[in-house]
Amino acid sequence: MAGNDGGARPSGIFDAVIVGSGINALVAGARLAGGGWRVAVCERSDRPGGAIYTSQDVFSGYTVELLSSWHPLFVGGPAYAALADELARRGVVYRNTDKPTGVVCRDGSAVLSTDPDALARTLAEHGDAETWAAMMAEFGGKIDLAFGLLGTDFWHRSSLKLAWRALRRLGKSGLVATGAEVLEPGRPWLERTFTSPVTRALLAPWALHNGLGPDDASSAFITKVIAAAVATGGMPVPEGGGRRLVDALVGIITDAGGELLTGAEVEEVLVARGRAVGVRLGDGRRIQARKAVLAGVTPHVLYERLLAGNAPAERRKAAQAFRHGRAAMQIHLALSEPPRWNDPELADVALVHVLDDLDSLSASVNAAWRGLLPERPTIGVGQPATVDPSRAPDGKGLLWIQLQELPREVRGDAAGRIDPGDGTWTPRLREAYADRVIGLLEPHIANLSAVTDRRVLGPKELEELNVNLVGGDPYGGDCRIDQYALWRPLSSGTGHATGVAGLWHIGASTHPGPGLGGGSGFLVAERLLRGRRKA
């Protein structure tokens, strides 16, 4: 992977300077490089990738994704479609599975397969095969509009084409009804549509991956979108780890004359005559940008620090009101043998959600918002070696475990057993909660005694690995409806524009939000390549 360390001096003037090197930054940089732009990427840490952090130093012989792991939104999105051929030439190979997800809940277990016949048989056992087929047929008839809504640039005229297409297809009354459908919470939709608590538990946790609980507005829509994406596209991962994707994207940028600077923290976006013209690094170096600066940071950092006195007053006020979301935790387990689920059908499933039921999911989200440690959280258990066997030594096991219902500041324990101390995520608190999680998995995985090593990353450690994960928030900010779509990142509804010409805001804090898709970087790069640079 080409690049400069923090002490190197960037050469010349660049067409674009990008702050940060997460998936959105690298997608934007690669697209711009492909369009003939010379791009500088400034990364404050010693590695590029943002929430893609592949390590072989966690457990000897294992390849571990410390943070994000699964790439269905990227592989199914427009950024990959545009870059796929070039990524393949650079050695990026995606592996996939026909068993992307499953569930273990109080009432049983189930696997969601990409094989329609296998999935129909599974859902028939729970009495929901016909309702699933009807739902997919109805939603499938407008799935292009659904993905278009999540992938459109609301502040570009191309969004009017999407609106016109929706109006022509659905009619006025249909469009209004679809608006209500988009806003419906997940719980009423799941309870109205499916009879089995197992089917509900199979689908409901997916809204968590977009920062929503089952009682939040639009969680039904997000559940449908992700369920459809997983049921048709599986759970792809790059062979050898996400670093392969990162290295390839960086290579596209540097081979076109661009540069990657690590250890290069941006302290200020330079503005001259109302236009962004470059950045100043913490060591005093200045990097000039002829055409654009893209900032993959949170709204607080962009408007309150990087722009300082150059931030438009109304944008700064809106940024001050921006809220961060719940916290997350990652638990990584190395095993002396592959995990043995009590239900053997789960042995080769990529990501299994373990929860009691829809009510426990709702209770855990509610507890986290109130500052409480959930008593029985929803546990995402990833088995990366089932998709890419190179992740673990032969005959060994590897579990990637994610919790998405934790408070950033702990006021108490819903179970009344863990002392929160001063409310900060100390190592004691982190390990105590991880013990609870492992205890909840033991009734479902028979050989957790085969664990040979574990690594727990609490909210504090997550932020240390990626400064954009504020307080352990993996979503780039609260994703409830007032901070989503038109209102992401700011309530003033400004999209990726910042009020400063030539300066663009990208990353999970911006539309289309969290998820490893590269959507905001792609949208901004496409706008710039079309020559519309007015911010």
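Annotations
- Filter pass, Val365 being of a type in the set (Val, Ile, Thr), touching a strand residue (DSSP E or B) at 6+ places or on another chain (Cβ under 8 Å), over 19 Å from Leu351 (Cα atoms) and part of a loop (DSSP other than H, G, I, E, B): no
- From the list Ala204, Ala163, Ala177, the one residue that fits, being more than 26 Å from Arg95 (Cβ to Cβ) and touching a Pro at 6+ places or on another chain (Cβ under 6 Å), is Ala204.
- Where Arg168 falls short, out of the listed (1) more than 25 Å from Leu202 (Cα to Cα); (2) at pLDDT 70 or above; (3) open to solvent by less than 80 Å² (accessible area, probe 1.4 Å): (3)
- Check on Phe139, open to solvent by 60 Å² or more (accessible area, probe 1.4 Å) and assigned to a helix (DSSP H, G or I): no
- Output for the stretch 304-342, where each listed residue is open to solvent by 10 Å² or more (accessible area, probe 1.4 Å), under 28 Å from the mean Cα position of the chain (by Cα) and small (Gly, Ala, Ser): Ala311, Ala318, Ala321
- Residue match in the stretch 452-473 (condition: buried (at least 20 other Cβ atoms within 10 Å of the Cβ) and of a type in the set (Asp, Glu)): yes
- Residues of the stretch 210-225 classified as under 18 Å from Leu150 (Cα atoms) and either open to solvent by less than 20 Å² (accessible area, probe 1.4 Å) or in contact with a strand residue (DSSP E or B) (Cβ under 8 Å, 6 or more places away or on another chain) (or both), total: 11
- Looking across the stretch 505-531 at every residue that is assigned to a loop (DSSP other than H, G, I, E, B) and β-branched (Val, Ile, Thr), the one that is nearest to the chain's Cα centre (by Cα) is identified as Thr510.
- Only residues that are at negative phi and open to solvent by 30 Å² or more (accessible area, probe 1.4 Å) were counted across the stretch 73-121, and they come to 27.
- Some residue of the stretch 430-439 being aromatic (Phe, Trp, Tyr), at pLDDT 95 or above and part of a loop (DSSP other than H, G, I, E, B): no
- Condition met for Trp425 (surrounded by fewer than 23 Cβ atoms within 10 Å (Cβ to Cβ), in contact (Cβ under 8 Å) with a residue 40 or more places away in the chain, of a type in the set (A, V, I, L, M, F, W, C) and farther than 26 Å from Val237 by Cβ): no
- Those residues of the stretch 232-250 which are assigned to a helix (DSSP H, G or I) and open to solvent by 10 Å² or more (accessible area, probe 1.4 Å), in sequence order: Thr232, Gly233, Arg243, Arg244, Asp247
- Top-ranked residue in the stretch 12-38 [being out of contact with any strand residue (DSSP E or B) (no Cβ under 7 Å at 6 or more places or on another chain) and either acidic (Asp, Glu) or not in a helix (DSSP H, G or I) (or both); ranked as nearest to Leu245 (Cα to Cα)]: Gly22
- For the condition within 19 Å of Ser45 (Cβ to Cβ), open to solvent by 10 Å² or more (accessible area, probe 1.4 Å) and in contact (Cβ under 8 Å) with a residue 24 or more places away in the chain, Asp283 qualifies.
- Val41 fulfils the conditions (1) outside any loop (DSSP other than H, G, I, E, B); (2) open to solvent by 20 Å² or more (accessible area, probe 1.4 Å); (3) over 21 Å from Pro100 (Cβ atoms); (4) hydrophobic (A, V, I, L, M, F, W, C) except for a single criterion, (2).
- Selected residue (criterion: surrounded by the most Cβ atoms within 10 Å (Cβ to Cβ)) from residues of the stretch 405-421 that are out of contact with any Ser or Thr (no Cβ under 7 Å at 6 or more places or on another chain) and not in a loop (DSSP other than H, G, I, E, B): Leu406
- Pairs where the first residue, in the stretch 495-508, is touching a residue at least 12 places away in the same chain (Cβ under 8 Å) and open to solvent by 20 Å² or more (accessible area, probe 1.4 Å) and the second is among the charged types (D, E, K, R) and not in a loop (DSSP other than H, G, I, E, B), C-beta under 7 Å, 6+ apart: Gly499/Arg315; Ala501/Arg275
- Verdict on Thr424 being in a loop (DSSP other than H, G, I, E, B) and either over 23 Å from the mean Cα position of the chain (by Cα) or not small (Gly, Ala, Ser) (or both): yes
- The sole residue among Thr494, Thr452 that is over 14 Å from the mean Cα position of the chain (by Cα), more than 19 Å from Asn210 (Cβ to Cβ), assigned to a loop (DSSP other than H, G, I, E, B) and not small (Gly, Ala, Ser) is Thr494.
- Within the stretch 161-188, being of a type in the set (Val, Ile, Thr), more than 24 Å from the chain's Cα centre (by Cα) and either outside any helix (DSSP H, G or I) or within 17 Å of Ile222 (Cα to Cα) (or both) holds for one residue alone: Thr178.
The values are calculated or read from the model by the stated rules, or taken from the named source; none is laboratory data. Every value quoted in this text rests on a predicted model; they were computed, and no experiment measured them. A quick note on method: Cβ atoms are made from the backbone with ideal geometry, for glycine too, and the neighbour counts reach across all protein chains shown. For the accessible areas, the whole protein counts, side chains as well, though only heavy atoms, and no ligand, DNA or RNA atoms are used. Shrake-Rupley method; radii C 1.70, N 1.55, O 1.52, S 1.80 Å.
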